[in-house]
Amino acid sequence: SPSGIFFLYTFVSTLTHLKIMDIFLIVIGIVLLIVGLIGSVAPVLPGPPIAYVSLLLLQFTSKQPFSLLFLILLAAVVIIVTILDYIIPTIRTKKFGGSSYGAWGCIIGTLAGLFMFPPIGIIIMPFVGAFIGEMIYDNNFQKALRAAFGSFLGFLSGTLMKLVVCVVMIVAFVWGLF
């Protein structure tokens with residue numbers, strides 16, 4: 001399509017004005033953005049911090065597109081989101097009457113969901129894990145269902161936060177590149 005050809009031309013013409021080290025840092029930055037985006041969904045990888053490193057790498061190129069204030073503010077956002085990602089599922093589980101068994105079940109279910117029934121497993125398995133954890137803790141179906149729902153909402157909230165932050169960093173990276 002014409003827009004795709006224009007984008008490719010713009011990208012290639014941008015690369016011709018860069019040094020070899022700049023190109024290397026940009027390629028590593030793109031890889032880190034992809035890994036960071038995956039890490040926003042996969043609980044094993046810290047998505048936003050990995051994506052943030054890509055912006056730092058772009059800053060080390062000859063372009064230096066970002067101000068120090070922008071990088072500091074974004075670092076603060078990344079730190080806050082990373083901390084909240086660990087706190088929110090527990091808060092949601094507790095708010096819905098759950099225990100730490102439900103929170104751990106949600107984490108284990110999330111890890112299992114990465115490998116079982118992808119990509120649907122990453123959505124369903126945290127709920128199943130929290131439910132099983134609550135059933136182990138207190139064999140009460142209604143309470144376990146409520147706590148599992150809270151844990152699941154916490155997981156979704158954290159994932160959405162991380163995805164938004166990573167998408168903002170992808171946009172900043174592309175903006176800084178051109």
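The values are calculated or read from the model by the stated rules, or taken from the named source; none is laboratory data. Quick caveat, the model's predicted, so the values are computed rather than measured. All Cβ positions, even for glycine, are placed from backbone atoms using ideal geometry, and neighbour counts span all protein chains on display. With ligands, DNA and RNA removed, areas are computed over all heavy atoms of the protein, side chains included. Shrake-Rupley method; radii C 1.70, N 1.55, O 1.52, S 1.80 Å.
Miscellaneous remarks
- Region 124-152 residues that are without any contact (Cβ under 8 Å) to a residue 24 or more places away in the chain, paired with ones that are assigned to a helix (DSSP H, G or I) (beta carbon under 7 Å, 6 or more apart): Ile124/Gly113; Met125/Gly109; Met125/Thr110; Met125/Ala112; Met125/Gly113; Val128/Gly109; Met135/Ala144; Leu145/Phe131
- One residue stands out among those in region 47-56 that are hydrophobic (A, V, I, L, M, F, W, C) and surrounded by fewer than 19 Cβ atoms within 10 Å (Cβ to Cβ): the one that is farthest from Val35 (Cα to Cα), which is Leu56.
- On inspection, Ile91 qualifies as within 18 Å of Phe152 (Cα to Cα), open to solvent by 60 Å² or more (accessible area, probe 1.4 Å), hydrophobic (A, V, I, L, M, F, W, C) and in contact with a helix residue (DSSP H, G or I) (Cβ under 8 Å, 6 or more places away or on another chain).
- Residue in region 134-152 that is under 19 Å from Ile87 (Cβ atoms), at pLDDT below 85, hydrophobic (A, V, I, L, M, F, W, C) and surrounded by 19 or more Cβ atoms within 10 Å (Cβ to Cβ) present: yes
- Filter result for Ala42 (at pLDDT below 95, open to solvent by less than 30 Å² (accessible area, probe 1.4 Å), aliphatic (A, V, I, L, M) and closer than 25 Å to Pro89 by Cα): yes
- The criterion of at least 2 residues that are within 30 Å of Lys19 (Cβ to Cβ) is met by the following helices (runs of 4 or more DSSP H) wholly inside region 57-175: 68-95.
- Filtering region 154-168 to residues that are crowded, with 18+ Cβ neighbours inside 10 Å and either more than 11 Å from the chain's Cα centre (by Cα) or within 17 Å of Gly113 (Cα to Cα) (or both) leaves Gly154, Phe155, Gly158, Thr159.
- Phe117 vs. criteria on the phi > 0 side of the Ramachandran plot, more than 18 Å from the chain's Cα centre (by Cα) and open to solvent by 10 Å² or more (accessible area, probe 1.4 Å): yes
- Selection count where residues are on the phi > 0 side of the Ramachandran plot and open to solvent by less than 60 Å² (accessible area, probe 1.4 Å), scope region 57-70: 0
- Set side by side, the residues Gly98, Gly105 differ, and just one is more than 20 Å from Ala42 (Cα to Cα) and open to solvent by less than 80 Å² (accessible area, probe 1.4 Å), which is Gly98.
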